[in-house]
1. Quick check of the Kirkwood formula: for the range 51-171, what is the inverse mean of 1/r over all pairs of different Cα atoms, in Å?
2. Number of Lys-Lys pairs in the range 4-208 under 23 Å by Cα, sequence gap 8 or more or different chains?
3. What FRET efficiency comes out for the pair L156/H111, r = Cβ-Cβ distance, R0 = 41 Å, nearest 0.05?
4. Suppose every K and R has +1 on its Cβ and every D and E has -1 on its Cβ; what is the size of the dipole of the chain about the Cα centre, in Debye to the nearest 20?
5. Hey, of (1) 62, 38, 30; (2) 68, 32, 28; (3) 40, 39, 32, which did the structure itself give for Cα extents along the principal axes in Å when calculated?
6. Calculated from DSSP H runs of 4 or more alone, at -39500 (n - 2.57) each and per residue, what is the 222 nm mean residue ellipticity of the chain, nearest 500?
7. Can you give the convex hull volume of the alpha carbon atoms of the range 58-123 per residue, in Å³?
8. How would you classify the range 26-86 from its alpha-carbon gyration tensor, with a ≥ b ≥ c the square roots of the eigenvalues: rounded for a/c under 1.5, else prolate if a/b is greater than b/c, otherwise oblate?
Amino acid sequence: MFDQFSSGLLVLLASLGLSLSAGVRAYLPVLALGIASHLPSIGGFKVTLLPQFSWIGDPLFIGLLVLLTIYEISADKIPVVDHLNDTVHTIIRPLSGALIFTCTNNPLTDHGTAGMIIAAVIGGSLAATTHAAKAGVVRPASTVTTLGLANPVVSLVEDIVVIALSVISLLAPIVGALICLVLLFFVVRGISKLIERRRNKNTAIAGSQP
C-alpha cells in the first residue's frame, strides 16, 4: 500500500505518459484518466480527481470523450483531412496535456495555485512537443516521401503507441515515465534536426541571392 504522497507521486509519473500521448491524440489519454478515476486501484495506487475536475469522470463526459476519440482517430486516417485535423488540434492537444497534469491529486497540485500553474505548464509543454513532432516532422515526412499513401499506416502506429503508453503509464507509472524520457529525447532530437535543416536551407537560399 502507498501513502498519500507516494500515491500522488505515482499519479504524477503517470501524467507524464498521458500528457505526452495527448500531443498525438488529444482525447484518448483524458478518457483513460476519466475511466481510471472510477477504478479502486491501478498499479497499486488510486487516481483521484480534484473536486473541481470531477466532471472528467462523469459518465456523460466520458461518453463525449469516446465520440471525440473516434472522430480524431478516424479523421487522422483521411488524406488532407489529417493535416487540417492537426491544425485544429494545435491548441487543443497542449490544453489536454495541461488538463491531465492539473486535474488529479499530486505533489504539484497539492501546492495550490502556483503548483497548478506549474503542472499546467509541464503538461502543456509535453503535449505541445509531441504535437510539434507529429504535425511538423513525422506527418510531413510521410506525406512527402509517400505522397500521403503511408499516412493511414503511420496514424495506426500512432494509435497503438498512444494506447500502449497510456495503459503502461497507469499500470506501471515508473516504467511509463522511463519510456517517456526516451521518447522525449528522440522527439526533441528530431525537432532540433528539422529546425537546423530549415535554418541551413534558408541560409543557403539567402547566400545564393545576388
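1. Details: mean 1/r = 0.0634 Å⁻¹.
Result for the range 51-171 stands at 15.8 Å.
2. Values: K77/K134; K134/K193; K134/K201; K193/K201.
Lysine pairs meeting both conditions in the range 4-208 amount to 4.
3. Working: r = 40 Å, r/R0 = 0.98.
Plugging the Cβ-Cβ distance into 1/(1 + (r/R0)^6) gives 0.55.
4. Values: 12 positive and 10 negative charges, 151 e Å.
So the dipole magnitude of the chain works out to roughly 720 debye.
5. Only one option fits the structure, namely (2).
6. Values: 8 runs with 154 residues, N = 210.
Calculated at 222 nm, the ellipticity per residue is -25000 deg cm²/dmol.
7. Numbers: hull volume 6.0 nm³, N = 66.
Normalising the Cα hull of the range 58-123 by residue number yields 91 Å³.
8. Verdict is prolate for the range 26-86.
Read-outs: derived from the displayed coordinates by stated rules, not from any lab. Owing to the predicted nature of the structure, the values given are computational and were not obtained by experimental measurement. All Cβ positions, even for glycine, are placed from backbone atoms using ideal geometry, and neighbour counts span all protein chains on display.
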